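The values are calculated or read from the model by the stated rules, or taken from the named source; none is laboratory data. Every value quoted in this text rests on a predicted model; they were computed, and no experiment measured them. For neighbour counting, all protein chains shown are included, and Cβ atoms are generated from backbone atoms with ideal geometry for every residue, glycine included. For accessibility, only protein heavy atoms count, side chains too; no ligands or nucleic acids. Shrake-Rupley method; radii C 1.70, N 1.55, O 1.52, S 1.80 Å.
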Amino acid sequence: FAYDAARDVYVCPAGKDLIYRYTTEERGVQVRRYWINECQTCTLQSRCTTGTERRITRWEHEHLIDAMRERLSRDTDPMTLRRCTVEHPFGTIKAWMGHTHFLTRTLKNVRTEMALNVLAYNIKRVVSLIGIRRLMQAIPA
């Protein structure tokens with residue numbers, strides 16, 4: 001089933017449109033319902049549904065998930081990029097913290113502690129990339 005955003009319909013494998021019927025709220029989330037009533041006479045029914053019709057639920061922000069899937073399919077290996085950009089700083093900060101636990105309690109304090117660790121990492125990284133003299137020159141600017 002493919003979603004056609006321009007027409008706001010889902011297209012089934014047989015080429016029929018599952019049209020928008022109504023919007024409802026489930027567990028605090030707005031969802032849209034689509035279905036078609038022609039499944040009983042379709043030759044492809046066994047591939048699509050075991051019921052009398054196929055119903056599809058779409059989250060109101062599903063376009064964000066679609067965009068993410070499109071980006072992930074476009075990139076050759078997102079995990080390689082993640083390992084290069086995220087895992088090393090995280091491992092370094094974790095080593096600085098002693099591989100154990102946060103020294104503070106409560107979410108607010110833990111966020112502050114982590115923010116300070118990230119700030120220290122970023123400053124140390126800038127110093128290693130451009131040097132302390134260029135950093136000091138850039139601070140007043």
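Loop-only check: which chymotrypsin sites (Phe, Trp or Tyr not before Pro) in the range 48-141 are DSSP coil with at most 14 other Cβ within 10 angstrom?
Answer by residue number: Phe102.
At 15 Å minimum axial length over the Cα atoms and a Kyte-Doolittle cut of -1.0, report the qualifying DSSP H helices in the chain, or say none.
Span-like helices here: 62-74, 107-130.
By the scheme Lys and Arg +1, Asp and Glu -1, what is the net charge of all other residues having a beta-carbon under 12 Å from that of Leu135?
Counting the neighbours of Leu135, the net charge comes to +4.
Using a 10 angstrom Cβ neighbour count of at most 11 plus a DSSP loop assignment to flag exposed trypsin sites (Lys or Arg not before Pro), which longest range of the chain is free of such sites? The partial results should precede the final answer.
Details: sites that count: Arg7, Arg27, Arg105.
With a cap of 11 other Cβ atoms within 10 Å, the longest stretch comes to 28-104.
Tally Lys/Arg at +1 and Asp/Glu at -1 over every other residue whose Cβ is under 12 Å from the Cβ of Arg69; what's the total?
That works out to -2.
Tell me, what % of the accessible area of the chain is carbon and sulfur with a 1.4 angstrom probe?
Numbers: 6290 of 10950 Å².
Carbon and sulfur: 57 percent of the exposed surface of the chain.
Given a 1.4 Å probe and the protein chains all in place, what does the accessible area of Val86 round to, in Å² to the nearest 10?
70
Label points 7 Å out from Cα along the Cβ direction at Arg21 and Thr57: separation in nm?
1.3
Can you pull the one-decimal nm distance between simple spin-label points at Thr104 and Ile139, each 7 Å off the Cα toward Cβ?
Result for the modelled spin labels: 2.2 nm.
Could you give P(r) for the range 2-72, binned at 5 Å from zero, as whole percent values over all Cα-Cα pairs?
3, 15, 24, 21, 18, 12, 5, 0
If you take Cα extents along the principal axes in Å from the coordinates, which of [x] 54, 34, 27; [y] 75, 35, 32; [z] 65, 35, 19 do you get?
Label of the calculated value: [y].
First check a/c for the range 77-138, with a ≥ b ≥ c the square roots of the eigenvalues of its C-alpha gyration tensor; if it is under 1.5, answer rounded, and if not, answer prolate when a/b is larger than b/c or oblate otherwise. Provide the component values of the computation, followed by the final result.
Values: a/c = 2.34, a/b = 1.22, b/c = 1.92.
Note, shape of the range 77-138 comes out oblate.
Send over a whole-number figure in Å² for the accessible area per residue of the chain, probe 1.4 Å.
Counting only protein heavy atoms, the per-residue value for the chain is 78 Å².
Could you give the length gained on full extension between Cys84 and Val126, defined as 0.36 nm per residue of separation minus the Cα-Cα distance, in nm?
13.4 nm
What chymotrypsin sites (Phe, Trp or Tyr not before Pro) does the range 1-55 have in DSSP loop regions with at most 16 other beta carbons within 10 Å? Please report the intermediate quantities before stating the final value.
Values: sites: Phe1, Tyr3, Tyr10, Tyr20, Tyr22, Tyr34, Trp35; in loops: Phe1.
Within the range 1-55, the qualifying chymotrypsin sites (Phe, Trp or Tyr not before Pro) (loop, at most 16 other Cβ atoms within 10 Å) are Phe1.
Compute the relative contact order of the chain as a whole-number percentage, counting only Cα pairs closer than 8 Å that sit 6 or more residues apart in sequence.
Here the relative contact order equals 11 percent.
Select from His63, Ala14, His88 the residue farthest towards the positive end of the dipole of the chain; place +1 on Cβ of Lys and Arg, -1 on Cβ of Asp and Glu, and compute about the Cα centre.
Farthest towards the positive pole: His88.
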